[in-house]
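I have placed the structure first, in the form of structure tokens, so that the comments after it can refer back to it.
The values are calculated or read from the model by the stated rules, or taken from the named source; none is laboratory data. Note that the structure is predicted; figures quoted are calculated from it, not measured. Please note: Cβ atoms are built from the backbone with ideal geometry, for glycine as well, and neighbour counts cover all protein chains shown. Note: areas computed on protein heavy atoms with side chains; ligands, DNA, RNA excluded. Shrake-Rupley method; radii C 1.70, N 1.55, O 1.52, S 1.80 Å.
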Amino acid sequence: MPSHKEESYERKRRLHVPLQKADFVRTLLIDNYDSYTYNIYQELSVINGVPPVVIQNDEWTWEELCHYLYEENAFDNIVISPGPGSPACPEDIGICLQLLLKCWDIPILGVCLGHQALGYVHGAQIVHASEPIHGRLSEVEHNGCQLFRDIPSGRNYGFKVVRYHSLVIDSESLPKELIPIAWTSSTSTLPFLGSKDLGKSNVHEAQKVQSIFVDPFLAKVGNGSSNHFDYGNTRSRRVLMGIRHSSRPHYGVQFHPESVATCYGSQILKNFREITDDYWLRFRSSFKEKRSYSDACMQLSNVIEVCSSISAENNAVDQLKRIVHAERHLEYSKTEMQHLEMFNMVNTHHATTGYKCLKLKWRKFGHLAGQVGGAESIFCELFGHETENTFWLDSSSTEKERARFSFMGGKGGPLWKQLTFRLSHQSDGSSKGGGYLSLEDCQGSSETIFLKEGFLDFLNKELLSYRYDKNEYEGLPFDFHGGYVGYIGYDLKVECGVKSNRHKSKTPDACFFFADNLVVIDHKNDDVYILAIHEESSSITQWLDDTEEKLLSLDGSVKMALGKQNSHYLTLSSNKAGFAAEKSREQYIEDVKKCLNYIKDGESYELCLTTQMKKPIKELNSLGLYLHLRERNPAPYAAWLNFSKEDLCICCSSPERFLQLDRKNTLEAKPIKGTIGRGATKEEDEQLKLKLQFSEKDQAENLMIVDLLRNDLGRVCDPGSVHVPRLMDVESYATVHTMVSTIRGKKRSDVSAVDCVKAAFPGGSMTGAPKLRSMEILDSIESCSRGIYSGCIGFFSYNQTFDLNIVIRTVILHESEASIGAGGAIIALSNPEDEYEEMVLKTRAPSRAVMHFD
């Protein structure tokens with residue numbers, strides 16, 4: 001690249017020109033198909049003053065990169081993300097090695113895999129670490145260079161970092177042009193104890209290095225400390241946690257500064273911005289030359305990020321070219337407004353080509369629920385006589401405000417319909433998305449259509465087509481006012497970035513009712529609401545009148561009668577034989593060992609391995625089974641779904657929320673990772689709870705998924721809004737204690753409800769991280785489709801709110817068979833035998849409900 005090198009030398013020749021630092025820094029963020037990239041994106045958006053542009057490591061050609069880096073001057077620095085695999089594998093690292101080798105005059109920061117790539121491209125060897133470290137904390141010492149400015153160093157000084165890696169740079173092979181700048185002990189890790197300890201400040205002296213590129217901060221502190229490091233001894237005893245190039249503005253850190261549990265992570269990224277500013281102040285001849293592109297380029301982040309993560313048909317390069325060559329003096333706020341207007345125009349287009357104006361009517365009955373026997377009595381009276389095509393999103397566990405509302409309904413008014421979707425599968429068993437949607441209306445008429453773009457695209461367009469008056473639901477304390485109720489199966493991951501499914505589900509890949517009539521119970525205030533939606537041209541009150549009459553006539557004495565009156569119809573084949581596991585104990589343990597090998601090789605940090613247990617049945621009063629399950633194992637995100645045409649009933653006692661979007665545009669995820677059984681006595685139970693709370697393995701499992709969910713929310717949330725209000729809480733249920741975290745963020749105005757689900761589905765607690773590579777590995781290990789298990793159940797309201805659970809602790813009744821899925825997270829600390837026992841523990845409540853129902 002002689003032309004751009006000559007230009008760089010010419011710029012560097014004129015160092016005397018007085019310049020000022022920029023108001024913002026424009027970062028090109030290279031995503032190595034990792035599940036933590038958007039945590040870096042969120043941090044940089046705030047620190048840099050403008051969101052970075054995110055591209056995947058194989059998205060742009062080298063010529064395109066050079067064009068935007070050197071001709072358009074579109075970026076000030078580059079950050080290379082973590083990722084699975086090794087920098088020695090071209091498929092894993094993509095274009096990053098070329099960037100590190102040839103872009104010697106642009107500041108670059110490599111994180112984890114990016115750090116290893118910096119070492120590898122200059123001749124260092126990448127080797128297995130003495131042990132894989134994932135989701136665990138270590139204390140780090142550093143040499144006081146500018147990347148670690150204002151950060152303490154050494155043991156007990158509070159610089160604790162989160163590590164996710166199985167491979168390391170061999171310090172003995174480090175070439176002379178790469179300078180070690182941070183280390184940690186090869187064996188020492190720390191448990192997470194609930195809060196970041198920021199500690200004291202302790203900057204160590206750095207080794208004096210003769211180099212063309214001089215770290216200006218390093219020069220300042222070079223004589224300010226009495227601590228000197230012997231790099232030769234350090235190489236043999238410690239693991240490299242950071243390196244920098246002696247003559248280029250290139251840095252690497254092995255740990256993850258973006259993790260929620262890393263101390264001073266934001267400071268490191270702030271320091272990299274300072275490094276960038278200082279570099280261009282010293283080496284760029286004219287800041288005005290760069291700034292001629294700035295106003296237009298500031299638009300890059302939102303558009304390209306949306307294009308990359310949401311609209312696959314719009315290539316990021318096309319978006320970039322369109323913006324860079326557009327009017328270059330637009331204010332950022334005006335650009336944002338134009339982008340939002342464009343998004344709204346798309347929505348309006350969907351609406352005007354087939355929009356539906358919905359009207360809502362509702363009635364409230366204060367303190368009625370307890371008087372008539374509670375949620376169970378209400379459901380059995382209103383919908384239990386004919387359970388076909390009924391639903392019940394059931395907050396059967398409401399203690400500690402885990403959940404507040406239950407929603408129930410059945411085949412209702414003229415807007416009611418059922419959607420049943422099945423992915424199309426090729427003869428080799430792979431699926432590229434697209435499939436067949438069957439629609440049945442309230443009159444029983446049905447049709448089947450092929451959806452080329454898949455089910456979630458169809459659902460998105462449906463929800464965007466509804467028009468409504470917000471004033472009609474202002475007095476309601478809940479967000480579901482009618483709309484779609486049902487489930488999304490795990491295999492719909494092919495509509496969310498996964499290339500294919502190896503296995504085919506026996507059950508439909510998605511099933512939903514459009515519920516136009518609804519009963520809601522407020523467990524906190526004991527109130528009951530009834531709601532009906534209708535099109536603007538009609539007015540229906542008959543269902544409201546009839547339901548009100550039935551509700552007021554209940555006396556609470558018939559509780560559970562309907563559920564139990566037919567329980568003797570339960571007939572189990574094989575003389576009540578137990579559930580048969582898809583894989584034997586030995587096979588499951590062998591699968592765990594396979595997962596551990598993948599983790600050792602750096603292919604994944606965490607793999608959520610699952611299996612299925614199945615049992616043939618002849619006849620089963622499925623509602624009675626569900627009532628039995630909810631009594632024995634109440635859960636905040638429980639559900640009953642009956643799709644009679646599909647011979648499908650779902651009895652779910654899930655304690656885990658996948659994702660919720662409320663009317664204030666707040667997104668919330670509540671992943672569960674870490675489970676232990678309850679004790680036989682109060683003392684034993686408390687000991688087991690504490691054992692879970694302070695287990696380094698369970699903390700590591702939970703932390704990895706928290707960082708993954710932060711990433712998923714970060715794709716669709718306002719920069720700087722993603723946060724973790726509760727980290728590693730222990731919640732107790734009937735049979736288990738679980739470790740739960742809460743992640744929240746503010747949804748961006750330019751993304752839809754379905755976009756949010758696509759960004760996070762399947763739930764990270766059921767996949768592992770990095771998500772895409774982990775799902776590919778799990779598909780190769782697991783022997784059958786997960787089906788509904790590992791997917792989600794819940795609602796999409798017509799006003800673009802939703803609440804979805806994770807399908808666990810669930811009995812699926814389909815075509816004379818009961819099935820239960822279960823599994824657990826495999827990490828480097830996992831013991832194969834213990835993992836098998838944990839998997840069995842999770843099946844205990846639902847399997848016992850089936851076995852003991854009669």
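At a glance:
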read-out	value
Hits in region 485-497 (condition: open to solvent by less than 10 Å² (accessible area, probe 1.4 Å) and either outside the structural domain of LEU419 (by the TED database) or within 22 Å of SER424 (Cβ to Cβ) (or both))	GLY486, TYR487, ILE488, GLY489, TYR490, ASP491, LEU492, LYS493
Elements of type strands (runs of 3 or more DSSP E) in region 416-496, at least 1 residues being touching a helix residue (DSSP H, G or I) at 6+ places or on another chain (Cβ under 6 Å) and in contact (Cβ under 8 Å) with a residue 24 or more places away in the chain	417-423, 446-451
Restricting region 716-735 to residues that are in contact with a Leu (Cβ under 7 Å, 6 or more places away or on another chain) and either more than 26 Å from LEU44 (Cα to Cα) or not in a loop (DSSP other than H, G, I, E, B) (or both), the residue that is modelled with the lowest pLDDT	VAL730
Among the residues listed as SER780, SER847, SER785, the single one being assigned to a loop (DSSP other than H, G, I, E, B), over 19 Å from the mean Cα position of the chain (by Cα), assigned by the TED database to the domain that holds GLY489 and not hydrophobic (A, V, I, L, M, F, W, C)	SER785
Selection status of VAL757, part of a helix (DSSP H, G or I), open to solvent by less than 10 Å² (accessible area, probe 1.4 Å) and within 26 Å of ASN39 (Cα to Cα)	yes
Given (1) open to solvent by 20 Å² or more (accessible area, probe 1.4 Å); (2) over 30 Å from LEU415 (Cα atoms); (3) modelled with pLDDT of 95 or more, number of the condition MET851 does not satisfy	(3)
Lone unmet requirement of (1) surrounded by 21 or more Cβ atoms within 10 Å (Cβ to Cβ); (2) under 19 Å from the mean Cα position of the chain (by Cα); (3) under 26 Å from MET728 (Cα atoms) for LEU772	(1)
Residue satisfying condition, being closer than 23 Å to LEU713 by Cβ and open to solvent by less than 10 Å² (accessible area, probe 1.4 Å), within set SER765, SER749	SER765
Selected residue [of a type in the set (Asp, Glu) and open to solvent by less than 10 Å² (accessible area, probe 1.4 Å)] from GLU656, GLU668, GLU683	GLU656
Sole exception among (1) touching a Cys at 6+ places or on another chain (Cβ under 8 Å); (2) charged (D, E, K, R); (3) buried (at least 24 other Cβ atoms within 10 Å of the Cβ) for GLU646, by number	(3)
Filtered residues of region 123-146 (kept if closer than 30 Å to ASP278 by Cβ and either of a type in the set (Lys, Arg) or surrounded by 19 or more Cβ atoms within 10 Å (Cβ to Cβ) (or both))	ALA124, SER138, GLU139, VAL140, GLU141, HIS142, ASN143, GLY144, CYS145, GLN146
Test: residue in region 660-682 that is acidic (Asp, Glu) and modelled with pLDDT under 95	no
Residues within region 238-262 that are open to solvent by 10 Å² or more (accessible area, probe 1.4 Å), over 18 Å from HIS122 (Cβ atoms) and not in a strand (DSSP E or B), tallied	1
Complete set of residues in region 788-829 that are open to solvent by 10 Å² or more (accessible area, probe 1.4 Å), among the polar types (S, T, N, Q) and part of a strand (DSSP E or B)	SER819
Residue within region 621-642 that is open to solvent by less than 10 Å² (accessible area, probe 1.4 Å), part of a strand (DSSP E or B), under 30 Å from ASN471 (Cβ atoms) and in contact with a strand residue (DSSP E or B) (Cβ under 9 Å, 6 or more places away or on another chain) present	no
Residues (touching a His at 6+ places or on another chain (Cβ under 9 Å) and small (Gly, Ala, Ser)) located in region 105-119	GLY110
Filter result for SER765 (over 15 Å from the mean Cα position of the chain (by Cα), assigned by the TED database to the domain that holds ALA635 and outside any loop (DSSP other than H, G, I, E, B))	no
